[in-house]
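Below: one structure, written as structure tokens.
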Amino acid sequence: MVTPENAVICFAGGKGGTGKTTVAANIAASLAKQSHTVTYLDCDVEEPNGHLFLHPHIERRQRVTVPVPKVDINRCTGCGKCAETCQFQAITVVNKKVLVFPELCHSCGGCRLVCPENAIAEVPQEIGTVEIGHAGNIRFVQGQLDIQQVKTPPTIQAVKQHIPENGIAILDAPPGTSCPVVETLQKVDYLVLVAEPTPFGLHDLQLVVEMARVLHLNFGVVINRAGWGDRNTYDYLQKENIPLLGEIPNDRAIATAYTRGELAADTLPQYRDLFTQIAQTILQKTSSTRELCKN
Amino acid sequence: MKVAISCTGENLDAAIDPRFGRCAYFLLVDTETETSQAIANPGAKQPGGAGVQSATTVVQQGAQAVICGNLGPKAAQTLTAAGVKAYASNHATPREALEHLRQQKLSPLN
């Protein structure tokens, strides 16, 4: 049995509602039962929902901040160099008056560097919270972006700072294939894509596969709600030579557990072996990926 | 007075664009000489900050007033800081809107 000391495994899948969190949380619970040290990190900071199934006890909270410019108007001459350098229109100068729009700022610090009068300082802007705690023997971390904030990637970075040196980190990615997902996938050892065997599921799977290939990540697919839909997703996996890591059946009992905020791996004895098996397959794939990287 | 009008086309008989930040053109009209000049709006294709960019552009072009359908909060803030008045108009053409501006029939936006 392969038991890597430490691995960062991410669960993504393009489509919302495909079962990323369900699979990630069940695999985390399953690995913890097999005496692995597991940290679950919810990177879906716009709407984290892993806590609904893991029921963590939150022990501490940290505010997430990013640096944004603050202009000393006594020093500013209104030369406009800061506005020229900003690619995001976060700072502009009209009639020698400087205006800052912190919500557009990407915290590059360029405006501060080009200011000839040293009139720009960087001040922290609060954008979200990271919560850290435990769910049984699983270490639990989740990010929560503040309402009205759009700075998702820095909040995800703040969550990922809690990836432990040792043990297995399970990252629950947000849906889609844009910046927040790409941010989540940085420095991931293995990617598990969760997909439904439906036309919608296949369409979004294809997008996320394309993204994984651009990022040079090793990945495999878990089919959720297997048994309905059609065979096109399976044909696609075969044609593209993508490993099928496991199938979770389209069983009402799993859906019922989900609606109660329960993990199928905990409450449905008939599925314990299935999740153990999928977890083992994922660990094996992750270890072989690491061997490939070493050579 | 120089007035910037958010516009879908390049002359006084084109339609007013209800958007400010992402309109295709700004028609710069000198109300004394009744001459006009169209400039492509650099904010139109910005992924973000279109309002700030568009407002900064019209201020740099020397506009003292703006006519558009509506203003976003960042564009409004930028225009206010520059002392540029913005007016709402849902009239079909810039020509008609200018006539209403002369008769002081347009309502201010900022």
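Alpha carbon centre of the stretch A:235-273 versus the stretch A:31-61: separation in Å?
Taking the Cα centre of the stretch A:31-61 as reference, the centre of the stretch A:235-273 is 19 Å away.
Could you tell me which residue out of B:V3, B:Q103, B:L79 lies farthest along the dipole of chain B toward its positive end? Charges go on the beta carbon: Lys and Arg +1, Asp and Glu -1, centred on the Cα centre.
Final value for the positive-end residue is B:L79.
Find the eigenvalues of the gyration tensor of the Cα atoms of the protein assembly as shown, then list the square roots of 5 times those eigenvalues as equivalent ellipsoid semi-axes, largest first, in whole angstrom.
53, 25, 18
Enter the mean projected area of the convex hull around the alpha-carbon atoms of the stretch A:1-72, in nm², rounded to one decimal.
Computed as one quarter of the Cα hull surface, the answer is 8.1 nm².
Explain nothing, just the number: dipole magnitude of the stretch A:1-115 about its Cα centre with +1 on each Lys and Arg Cβ and -1 on each Asp and Glu Cβ, in debye rounded to the nearest 20.
It comes to approximately 460 debye.
Starting from the Cα of A:F200, move 7 Å in the Cα-to-Cβ direction to define the label point; list residues of the stretch A:157-182 whose amide nitrogen is under 17 Å from there.
Under 17 Å, as judged by backbone N against the label point of A:F200, lie A:175-177 of the stretch A:157-182.
Across peptide A:97-106, what mean number of C-beta atoms from other chains lies inside 10 Å of a residue's C-beta?
Mean number of neighbouring Cβ atoms from other chains: 3.
Top mean-square fluctuation among A:I242, A:I132, A:I27, Gaussian network model of chain A, C-alpha springs under 10 Å?
Result for chain A, Cα springs under 10 Å: A:I242 fluctuates most.
For the stretch A:192-295, max minus min Cα coordinate along each principal axis, in Å, sorted largest first?
Ordered largest first, the stretch A:192-295 gives principal extents of 43, 31, 20 Å.
Between A:A173, A:A255, A:A24, which gets the highest mean-square fluctuation from a Gaussian network model of chain A, Cα cutoff 10 Å?
Its mean-square fluctuation being the largest, the pick is A:A255.
Using a probe radius of 1.4 Å on heavy atoms only, what accessible surface per residue do you get for the protein assembly as shown? Whole Å² is fine.
48 Å²
Enter the mean number of other protein chain beta carbons within 10 Å of the beta carbon of each residue in B:82-90, as an integer.
Partner-chain Cβ atoms within 10 Å, mean over residues of B:82-90: 1.
Find, among the GluC sites (Glu not before Pro) in the stretch A:111-150, those assigned to loop by DSSP (not H, G, I, E, B) with at most 10 other beta-carbon atoms within 10 angstrom.
none
Before anything else, pin down the relative contact order of chain A: Cα pairs under 8 Å, at least 6 apart, normalised by residue count, whole percent.
Reported as a whole number, the value is 27 percent.
Quote the relative contact order of chain B in percent (integer), defining contacts as alpha-carbon pairs under 8 Å separated by 6+ residues.
RCO, chain B: 28 percent.
Over all alpha-carbon pairs of the stretch A:27-139, lay out the pair-distance distribution in 10 Å bins, whole %, shortest bin first.
All Cα pairs considered, the percentages come to 13, 32, 16, 16, 15, 7, 1.
Nothing charged except the Cβ atoms of Lys and Arg (+1) and of Asp and Glu (-1): what's the magnitude of the dipole of the protein assembly as shown about its Cα centre? Round to the nearest 20 debye.
580 debye
Taking every pair of distinct Cα atoms and averaging 1/r, then inverting, what Kirkwood hydrodynamic radius in Å comes out for chain B?
13.1 Å
Rounded to the nearest 10 degrees, what's the angle between the helix A:20-33 long axis and the longest principal axis of chain A, both from Cα atoms, 0 to 90?
70 degrees
Under a point-charge model restricted to the Cβ atoms of Lys and Arg (+1) and Asp and Glu (-1), what is the dipole moment magnitude of the stretch A:61-220 relative to its Cα centre, in debye to the nearest 20?
Using Cβ point charges on Lys, Arg, Asp and Glu, the stretch A:61-220 gives about 560 debye.
Kindly provide the pair-distance distribution of the stretch A:133-180 built from C-alpha pairs, with 10 Å bins from 0 and whole-percent values in order of increasing distance.
21, 52, 24, 3
Within chain B, what is the longest stretch that has no GluC sites (Glu not before Pro) placed in a DSSP loop and near at most 11 other beta-carbon atoms within 10 Å?
B:35-110
Once you list every other residue whose beta carbon is under 15 Å from the beta carbon of B:L109, what net charge do they have if Lys and Arg are +1 and Asp and Glu are -1?
So the environment of B:L109 carries a net charge of +3.
What does the average come to when, for each residue of peptide B:37-47, you count the partner chain Cβ atoms lying within 10 Å of its Cβ?
1
Suppose each label sits 7 Å from its Cα in the direction of the beta carbon; what would the A:E240-A:I58 distance come out to in nanometres?
3.6 nm
Report, in listed order, any pair from A:K15/A:K239; A:K33/A:K239; A:K151/A:K187; A:K70/B:K105; A:K187/B:K45 with a Cα-Cα distance greater than 31 Å.
A:K33/A:K239; A:K70/B:K105; A:K187/B:K45
Could you estimate the translational diffusion coefficient of the stretch A:156-200 from the Stokes-Einstein equation, with Rh from the Kirkwood formula over C-alpha pairs, at 4 °C and 1.567 mPa s, in whole µm²/s?
107 µm²/s
Give a residue-ordered list of calculated ³J(HN,Hα) values for the stretch A:137-154 (Karplus: 6.51 cos²θ - 1.76 cosθ + 1.60, θ = phi - 60°; whole Hz; x for Gly, Pro).
9, 9, 7, 10, 9, 9, x, 9, 6, 5, 4, 6, 8, 10, 8, 5, x, x
Write down Rg/Rh for the stretch A:130-224, rounded to two decimals, with Rg from the C-alpha atoms and Rh from the Kirkwood relation over Cα pairs.
0.98
The values are calculated or read from the model by the stated rules, or taken from the named source; none is laboratory data. Since we're looking at a predicted model, the values are computed, not measured. Please note: Cβ atoms are built from the backbone with ideal geometry, for glycine as well, and neighbour counts cover all protein chains shown. Each accessible area value is taken on the protein alone, full model and side chains, heavy atoms only, with ligands, DNA and RNA left out. Shrake-Rupley method; radii C 1.70, N 1.55, O 1.52, S 1.80 Å.
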